[in-house]
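Read through the structure below, which is laid out as structure tokens, and then see the notes.
The values are calculated or read from the model by the stated rules, or taken from the named source; none is laboratory data. Model, not experiment: these values are computed from the prediction. Here the Cβ is made from the backbone with ideal geometry for all residues, glycine too, and neighbour counts use every protein chain on show. Keep in mind that these areas ignore ligands, DNA and RNA; they rest on the heavy atoms of the full protein, side chains included. Shrake-Rupley method; radii C 1.70, N 1.55, O 1.52, S 1.80 Å.
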Amino acid sequence: MDIKTIMVVGAGQMGSGIAQVCAMAGYNVILHDLTQDHINRGFATITRNVTRQVEKGKMTEEEKEQVLGRLTTSLDLQNASEVDLVIEAVVENMEVKTKLFAQLDEFAPPHTILATNTSSLPITEIAAATKRPEKVIGMHFMNPVPVMKLVEIIRGLATADDVYETIEHITRKLNKVPVEVHDFPGFVSNRILMPMINEAIYALYEGVATKEAIDAVMKLGMNHPMGPLTLADFIGLDTCLYIMETLHEGFGDDKYRPCPLLRKYVKAGWLGRKTGRGFYTYE
Ligand code: CAA
């Protein structure tokens, strides 16, 4: 399938990163969100990132202008009528996503692939909200999108082989590495990452060590670029809790029970970097 124009739905941290890498790979990108304010913030992040690339000599000023020139914005989902691929990166909420996919199914032409960047929700259930489940697929990017090499590609029950192959090809064009996984709670990335983060929170909760000590053990002892509590703040504690709940509900095993301290922080609104406070405080 020939993909020329991509709509990214959601201009937040993930959506703006996805829009950036798609525009850098030469695709025309429509960045869609509910409000102009959201779009402006997403665009500002992209502009800041590509300007830094120019400053570092990794991109010319002309290339930067070309990348930004390939990006347009949208407040109207009917613009999906012009695209070959939609990548959805909105809030992790099944009701929101199924509503959105039903609308996209209505507005997008029959050939358009509908991909979701969900970090743990079932692709098969999102696909069932459309009349084209064979064209629905998971395309799970990692944060920060411009830096991280992995894209987990998740096949729903009905995802067609040619749709998988197209997404795999696009992922390589984005200069990322595709890894194929099947539709199980948390896929592979979060099935392994989140219980580790949750266990680190339990270690803090039980007083095994301080937050700094827990992070130091994993950074210096296991060569992780960030300690698990720093990483949890980076991802967002609400997202971590949501994923743990999805794992707990999906597998029913007590080993996925979210740590009470994680619940407490989320209730307090201490969501990590984005709110200025999580396990650590941020300016
Ligand atoms: N956006 C764009 N570029 C960024 C960036 C951002 N938010 N943050 C850092 N970078 C770039 C820097 O500009 C720098 O680029 P150059 O090499 O071209 O100079 C490069 O990344 C390295 O940055 P720094 O030197 O500032 O810092 P660092 O070496 O500590 O790396 C990091 C920062 C890449 C974030 C690193 O700490 C890291 O890999 N952390 C772990 C991230 C991780 O685990 N992500 C997955 C989270 S889970 C997820 O996303 C899935 C989910 O479903 C929850």
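Taking a quarter of the surface of the Cα convex hull of segment 237-283, what do you get in nm²?
For segment 237-283, the mean projected area of the Cα convex hull comes to 3.1 nm².
Computed over the alpha-carbon pairs of the chain, the distance histogram in 10 Å steps reads 7, 28, 34, 23, 8, 1 percent, short to long. Rounded to two decimals, the Cα radius of gyration of segment 128-242 over 2.2 N^0.38 Å is 1.28. Taking 18 Å as the cut-off, the amide N atoms of segment 129-161 that come nearer than this to a point 7 Å along the Cα-to-beta-carbon line of E55 belong to 146-147. Please work out, to two decimal places, the log10 of the ratio I(q)/I(0) at q = 0.12, 0.14 Å⁻¹ from a Debye calculation in which every Cα of segment 184-283 carries one identical scatterer. These q points yield log10 I(q)/I(0) values of -0.35, -0.48. Between the amide H of V8 and those of I30, L31, H32, I87, distances stay under 5 Å, these residues lying 5 or more places away or on another chain, with hydrogens modeled in the peptide plane.
In the chain, what percent of the accessible surface is made up of carbon and sulfur (1.4 Å probe, ligands and nucleic acids excluded)?
Details: 7310 of 13560 Å².
The value for the chain is 54 percent carbon and sulfur by accessible area.
Globularity index of segment 84-140 is 0.96 (Cα radius of gyration / 2.2 N^0.38 Å, N = number of residues). Helical runs assigned H by DSSP (4 residues or longer) give the chain a calculated mean residue ellipticity at 222 nm of -14000 deg cm²/dmol, each run adding -39500 (n - 2.57) before division by the residue total.
Here the Karplus relation 6.51 cos²θ - 1.76 cosθ + 1.60, evaluated at θ = phi - 60°, turns the backbone of segment 202-214 into coupling constants of 4, 4, 5, 4, 8, x, 5, 6, 6, 4, 5, 5, 4 Hz, with x for every Gly and Pro. Rolling a 1.4 Å probe over the protein heavy atoms gives the chain an accessible area of 48 Å² per residue. All C-alpha to C-alpha distances of segment 1-157, sorted into 10 Å bins beginning at zero, yield P(r) values of 12, 42, 35, 10, 1 percent in whole numbers. Annotation: amide H of I113 within the under-5 Å range of L85, V86, sequence separation 5 or more or interchain, hydrogens built in the peptide plane. The lysines whose alpha-carbon is closer than 30 Å to the alpha-carbon of K56, local same-chain residues fewer than 8 away aside, are K4, K64, K149, K173, K176, K219, K274. Counted residue by residue at 0.36 nm each, then reduced by the alpha carbon distance between them, the extension gain from M226 to F184 reaches 12.5 nm.
Ranked highest first by the average count of other Cβ atoms within 10 Å around their residues, in what order do 55-63, 17-25 fall? Before the final figure, lay out each step's value.
Details: 55-63: 10.6, 17-25: 24.9.
Output ranking for 55-63, 17-25: 17-25, 55-63.
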